[in-house]
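The values are calculated or read from the model by the stated rules, or taken from the named source; none is laboratory data. Only a predicted model underlies this, so the values are computations on that prediction, with no experimental measurement involved. Note that we place each Cβ from the backbone using ideal geometry, even for glycine, and neighbour counts take in every protein chain shown. Calculation scope for accessible area: heavy atoms of the full protein, side chains included, ligands and nucleic acids excluded. Shrake-Rupley method; radii C 1.70, N 1.55, O 1.52, S 1.80 Å.
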Protein chains: 2
Amino acid sequence: MTFVRLHVRRAGIDTYQQPVVYMRSDCHVCRAEGFEAQAQVEVIDDGRHLLAILHHVSSDWLARDEIALSDIAWTTLGATDGDLVEVRHPPVLESVAHLRGKVHGRPFTYEALRALMDDVSHGRVADIHLASLITLCAGDGLDVPETVALTRAMIDVGERVTWDETPVMDKHCIGGLPGNRTTLLVVPIVAACGVTMPKTSSRAITSAAGTADTMEVLAPVDLDLAAMRRVVEREHGCIVWGGNTRISPADDILIRVERPLSLDSHGLLIASILSKKAAVGSQRVLIDLPVGPQTKVRSAAAAEVLSKGLVTVGAALGLQVRTVATDGTRPVGRGIGPALEAMDVMAVLERAPGAPQDLRERALVLAGWVLEMAGRAPDGTGRSMAREVLDDGRALAKFIAICEAQGGLRVPPRASHTHVVVAHASGTVAAIDTRLLARAAKLAGAPRDPSAGAVLHVQPGDRVEVAQPLLTLHAVSPGGLHYALNFMRTQLPVVRLEADA
Amino acid sequence: MTFVRLHVRRAGIDTYQQPVVYMRSDCHVCRAEGFEAQAQVEVIDDGRHLLAILHHVSSDWLARDEIALSDIAWTTLGATDGDLVEVRHPPVLESVAHLRGKVHGRPFTYEALRALMDDVSHGRVADIHLASLITLCAGDGLDVPETVALTRAMIDVGERVTWDETPVMDKHCIGGLPGNRTTLLVVPIVAACGVTMPKTSSRAITSAAGTADTMEVLAPVDLDLAAMRRVVEREHGCIVWGGNTRISPADDILIRVERPLSLDSHGLLIASILSKKAAVGSQRVLIDLPVGPQTKVRSAAAAEVLSKGLVTVGAALGLQVRTVATDGTRPVGRGIGPALEAMDVMAVLERAPGAPQDLRERALVLAGWVLEMAGRAPDGTGRSMAREVLDDGRALAKFIAICEAQGGLRVPPRASHTHVVVAHASGTVAAIDTRLLARAAKLAGAPRDPSAGAVLHVQPGDRVEVAQPLLTLHAVSPGGLHYALNFMRTQLPVVRLEADA
C-alpha cells in the first residue's frame, strides 16, 4: 500500500499519558485508510513508532497535509517540527487474545503475561484493554503462580540492575499516609551502618508529595542508573526518582488505569511492588503497611492477607520480604508538601528540639528491622543501633553525603504566603482527615510548588482553646491560599474537634 | 465553593462518541479545582449537564476564560456559542461500585444493573469502567438470571413502544454477512399478509452497509416513534433507523467499547438483541444465525448454545424467540454497499431475470418462519405462502407502499466510476473472503457514498476463465477506486481461485 506522508507539528494540547494525534477528517490519509475519529493509529517517523488515538479536526488550525501531536505523543515519538511521518493502522496485538483465554477460565501463563507486559510497556495496549486486564486480575483474579508469573514478566520487560555488594536492602510503604517520609531517614541510618540500600522512589500521583518530590527539595533525584550506581558505590545508599529508568516499566502504565478504575487486585499490587524491588536488584525488602480507614490497607486482617501474599511471591522470586503493620489513622510529622515534609526530615536528622517524634519513632523502628534483616544488628537490637546512629549525628552526616553525591545538598524553599487556620471553639482534637488535608495542600499548590502545603500544629488527642492555631497553609501566591481556604470552608473539617461538653 | 464561569465554543474536533472539552491549563477553573489533563469533568450550561474528558490547551487558540467542546460534547450539551458554563468535578458514580461486588463473586442484581444502565445510557460511565463491565460479563460471566436482569434494566432505562395489534413480529440477524439484506424482503412479504412487523435497524458500524443504510437509498429511514407508528398503522410494516429513538440506549454505548475490546459475552449479546426487540414492542422474534468462519457464530455447536440462551431469556421476558442457523460461509446477493445491495433487493421484488437467487431463497425461508410464528400460515406452509406473495407482486406493492409512507420511494444512486477486476488465470472459485470484500467496498467509499461498493460476478464453485470479470468496484471518484484497488493488490485475494491442475 502506498503511504502519503504528513508534516508533523505540536498541537499544544496536554492529554496526560494518552497520546492523541490530530488529522483533518478530509485529509488523504484518513480517506485512504478509512480512519475514523477515536481510532487507534500508528505514526512512524524515521523508524520511531507511536501508537495514538486519532481525533479529527474540521477547523482551520490544521492543514490537510499536517498531523498535530498532543504533548505526550510528541515526547513519545521524539519528533521534530516538520518531519514527514507515515500514519497507518496499528499491527494487530496478539497478546490481547490472552485476555480472552483468561475470560474463558484459562489461567495466565508466564508467556502470555510476558507478551502482554511487553506490549503494555511499549504503550501498545489501549486503555480499554488495560481496564479489561486489570478487571481480570481484580480481587483474587490471580492465584499465587499467576502472580509470580506476572511479577517475573514485569521484571523481564524492563531493565534490571545488579550490585556487587550483598545483601541489598530495600523498604517500601503501601498506601498513602501524608507526611510519612521515613525513607529519607531509614536510608541514611542504614547506609551509615555500611548496609547497601539503593532506593528508588516515585513522585506524587494523587498525593501532595511523593518521596521523590520531598527528596528533590534537598538534592537532585533525576539520576540515571549509571549515576545512581556511582552514588551507591560511594555512600552505600541513595534516594532517587525511579521514573527515569525502565525498571518494571509496565507497572507505571497499569497504575494510570488502575487508579481511576478503583478495583483492588492483590496480585497486581504484589507484582507492582515486588517487580520494582527485584528489578532494581534488592534482595531483602521491608514493607510498611499503614493500617487505617483512609489508607489502602483497612484492617489488621487485610494486612495479614496481603503480607502473606508478599512473602510467598517474594520467596518464589528469591526476595526475602518482611512486613510491618503500622498505625495509619493519623498523619505523620507536621508538614504536608515537599519542602514542609523535608523540613520535618531535617529536624529529625538534626535532632532539633521541635522535631516530630512520631516520624522519628517510625523511622527508628523501620531502620531497626532493616538492620536486623541485613544481619548487621542481632535480633532485637536493630532499633537501638538505629537510634544510636541517628543521635550521634552519623545519620545526618550520611544524609548530607548522599545529597552531595546526588548533585549537592539544597536548602528547601519557603512559601511567600501563609495563612493560619485557628480553632473556632475549645475542645479536643478527635481526628485529622488525611484525605482532606492532602487535598487542601494540593490546592495550595503542592507538589507543583514545592514550598506549598500545610503544617499541622495539633495531633489527635490534643486539647485546644478557641483561636488556637490548628494548621498553617503555605502557598506561593494569594490565589493558592484562596483555593485551599475555599475548599476547607465547604468540606467536613480537616481537623475535627470534639467540643467541650 | 464559588465557581468561575467560562465562555463555551466549538473546538472543531471530532472525538467520535467520547466527549472531550478543552481548557487552558493556566485557567482559574483548572487551578481552583485541581483539574489535571484526562480528568473527567462535568460541564453545566443552564441546567443541562455534560460529562467529558478534559484536555489541557497550552497554545493560543483558546483563551483563559474559554472552554472549547469537541463535536459530540457540543451536541450532547446543546450549547450555544458564548454561553457561560460552569465546570466541576463530576458526582461520584455509585453504580460503578457494583463492579467491585461482581469482582468479589456477588452476582449482579436487577437493581445494580438498572443503576449501571441508567448511568451508561446518560453517558456518565467512563470507557475504562465500560471495559471493566464488559469484561465481567464476558464469556459466561452472566448466568441466565443476570442476563434476564440486564435485559430488563436495558429496556427500563429507555423508551418503550406498545402496539394495539397482536402478534407483533420481528426478525434479527446476528453477525455480519455482506449483502444479507433479507429484512427488506421479509418485512414487505409479512406485512403484505397483514402481519404487523415494525422493524428498526442499525446503520453500518464496521461493515460496508447496515440495513438502515440500504433502506435509506430507497426511502427515508430517519423517523421518530410517532412517524414510525403512522407508517405501521397504515402498512403493517416499516423499516426505519433505530438510532433516532431512545430504545435500549445503553446498548449503543456498550457496543462502542465492546467492539474494539473484542471479548464475546453471551449475556451481553442476548441482552443487546432482546432489549431492543422487547422495548420496540415485539412479541415474537425470528433470529437468523449465519454460521461461518468469518461470522460471529463460528460453528453449529456455538449456534446451539446461543440459540438456547436467546430462547430462555426471551421466554423470561415474555418474548417468543425462534432461531434459524443459516449458511454464513459466502456473501449473499451480488452488491456490497448501500445502493448496490438495494438494487439486489429491488431485483428480487421485481422478479427480474438476473435477480440473486440466494438472497431470494433466504428471504423466503425467513419470511415463511415469521408467517408460521405469527399463526398466519399453518406449520410447514409459510415458505410457500411467502413465495406466492413475492411472485404475484404483492410484496413489491407493499414495499413501495411502505417506502411511500416513510416519505417517498427513491431511485438508488449510481456511481460515476467503476473498475472491473478480472481473473489472472483460469480455475474454480474456491472462496470469497467476506471481510476483505467489505473492506474493499468501504475503501471505495461505502457507506458514506451510498452508491459506492462492489458487485460480485462469481460465487464459490463457479468456473472462471482468464480475463473473466470477478467483481466490479464502484466509486464516486477515481480516488475511491484507487484506494480499493491498492488495498486489494496488497492483501490475500478477495476472490480465491483454485487454478487448473
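Key figures for this structure:
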| item | result |
| --- | --- |
| Calculated [θ] (222 nm, deg cm²/dmol) that DSSP helices of n ≥ 4 give over chain A, each run adding -39,500 (n - 2.57) | -12500 deg cm²/dmol |
| Extent along principal axes [Cα atoms of region A:310-352; Å; largest to smallest] | 42, 24, 19 |
| Hydrodynamic radius (Kirkwood) for region A:73-134, which is based on Cα pairs only, to one decimal in Å | 13.5 Å |
| Top positive-direction residue, dipole computed over chain A with Cβ charges, set A:Gly243, A:Val429, A:His172 | A:Val429 |
| Cα long-axis angle, helix A:338-349 against chain A (0 to 90 degrees, to the nearest 10) | 40 degrees |
| Candidate residues A:Val280, B:Val421: accessible-area rank, largest first, probe 1.4 Å | B:Val421, A:Val280 |
| Candidate residues A:Asp392, B:Asp118: accessible-area rank, largest first, probe 1.4 Å | A:Asp392, B:Asp118 |
| Mean Cβ neighbour count within 10 Å, used as a protection proxy, ranking A:139-145, A:129-135 highest first | A:129-135, A:139-145 |
| Charged-residue dipole, Cβ positions (Lys, Arg, Asp, Glu), the protein assembly as shown about Cα centre, Debye nearest 20 | 640 debye |
| Cα gyration tensor shape for region B:6-88, rounded if a/c is under 1.5, else prolate or oblate | rounded |
| Ranking by accessible area, most exposed first, for A:Ile239, A:Ile44, A:Ile72 with a 1.4 Å probe | A:Ile72, A:Ile44, A:Ile239 |
| Within the accessible area of the protein assembly as shown (1.4 Å probe), percent carbon and sulfur | 52 percent |
| Cα-based helix-to-principal-axis angle, B:266-279 vs chain B, degrees rounded to 10 | 90 degrees |
| Solvent-free Debye scattering, log10 I(q)/I(0), computed from the Cα coordinates of the protein assembly as shown at q = 0.04 Å⁻¹ | -0.24 |
| A:Ala11 long-range amide H proximity, modeled H, under 5 Å | A:Leu69, A:Ser70 |
| Residues of region A:181-221 with amide N under 11 Å of the 7 Å Cα→Cβ point at A:Arg410 | A:213-221 |
| Sites matching GluC sites (Glu not before Pro) across region A:99-180 that sit in DSSP coil, with at most 16 neighbouring C-beta atoms within 10 Å | A:Glu159, A:Glu165 |
| Shielding score for B:122-134, defined as the mean number of other chain Cβ atoms within 10 Å | 5 |
| Eligible lysines near B:Lys398 by straight Cα distance, threshold 30 Å, same-chain separation 8 or greater | B:Lys171, B:Lys199, B:Lys276, B:Lys277 |
| Region B:299-393: GluC sites (Glu not before Pro) in DSSP coil with no more than 15 other Cβ atoms inside 10 Å | B:Glu350 |
| For B:9-19, mean number of other protein chain Cβ atoms within 10 Å | 5 |
| Note, ³J(HN,Hα) from phi for region B:352-361, Karplus 6.51, -1.76, 1.60, rounded to Hz, x at Gly and Pro | 5, x, x, 4, x, 5, 5, 5, 4, 5 |
| Accessible area in square angstrom per residue, chain A, 1.4 angstrom probe | 39 Å² |
| For B:Asn486, label point 7 Å along C-beta direction: distances to other copies, nm | 5.2 |
| Nm distances between copies for A:Arg48, ranked from closest, using label points 7 Å along Cα→Cβ | 4.2 |
| Around A:Asp65: net Lys/Arg minus Asp/Glu count, Cβ-Cβ under 9 Å | +2 |
| Peptide-level mean, for B:99-108, of C-beta atoms on other protein chains within 10 Å | 3 |
| Dipole of chain B [Lys/Arg +1, Asp/Glu -1 at C-beta], most positive-end residue of B:Val348, B:Ala446, B:Leu485 | B:Val348 |
| Assigned charges on the beta-carbon of Lys, Arg, Asp, Glu; chain B dipole about Cα centre (debye) | 700 debye |
| With all protein chains modelled, accessible area of A:Ser272 [1.4 Å, Å²] | 20 Å² |
| FRET efficiency estimate (nearest 0.05) - Cβ-Cβ, B:Glu86 to B:Ala467, R0 51 angstrom | 0.15 |
| Hydrodynamic radius (Kirkwood) for region B:101-178, which is based on Cα pairs only, to one decimal in Å | 14.6 Å |
| As computed over chain A, the Cα convex hull volume per residue (Å³) | 172 Å³ |
| ³J(HN,Hα), Karplus 6.51/-1.76/1.60, whole Hz, each residue of region B:77-94, x for Gly, Pro | 6, x, 7, 10, 3, x, 3, 8, 10, 9, 10, 8, 5, x, x, 5, 8, 5 |
| Label distances, nm, B:Thr381 versus same residue in remaining copies, Cβ-directed 7 Å point | 10.4 |
| Amide H partners (placed H, <5 Å) of A:Gly281, local residues excluded | A:Val161 |
| Chain B: antiparallel DSSP beta bridges as a percent of all, rounded to 5 | 50 percent |
| A/B buried area, accessible surface, summed, 1.4 Å probe, Å² | 4200 Å² |
| Angle between chain B longest axis and helix B:382-391 axis [Cα atoms, degrees, rounded to 10] | 80 degrees |
| Cα-based shape type of region A:189-336, given that a ≥ b ≥ c are square roots of the gyration tensor eigenvalues and the cut on a/c is 1.5 | rounded |
| Local electrostatic count, A:Arg114, Cβ distance below 11 Å [Lys/Arg +1, Asp/Glu -1] | -3 |
| Placed amide H near A:Cys238: partners under 5 Å, 5+ positions off or other chain | A:Met197, A:Lys199 |
| Net dipole in debye of region B:94-209 [+1 Lys, Arg Cβ; -1 Asp, Glu Cβ; about Cα centre; nearest 20] | 300 debye |
| Gyration tensor verdict on region B:378-477 (Cα atoms; rounded if a/c is under 1.5, prolate if a/b is larger than b/c, oblate otherwise) | oblate |
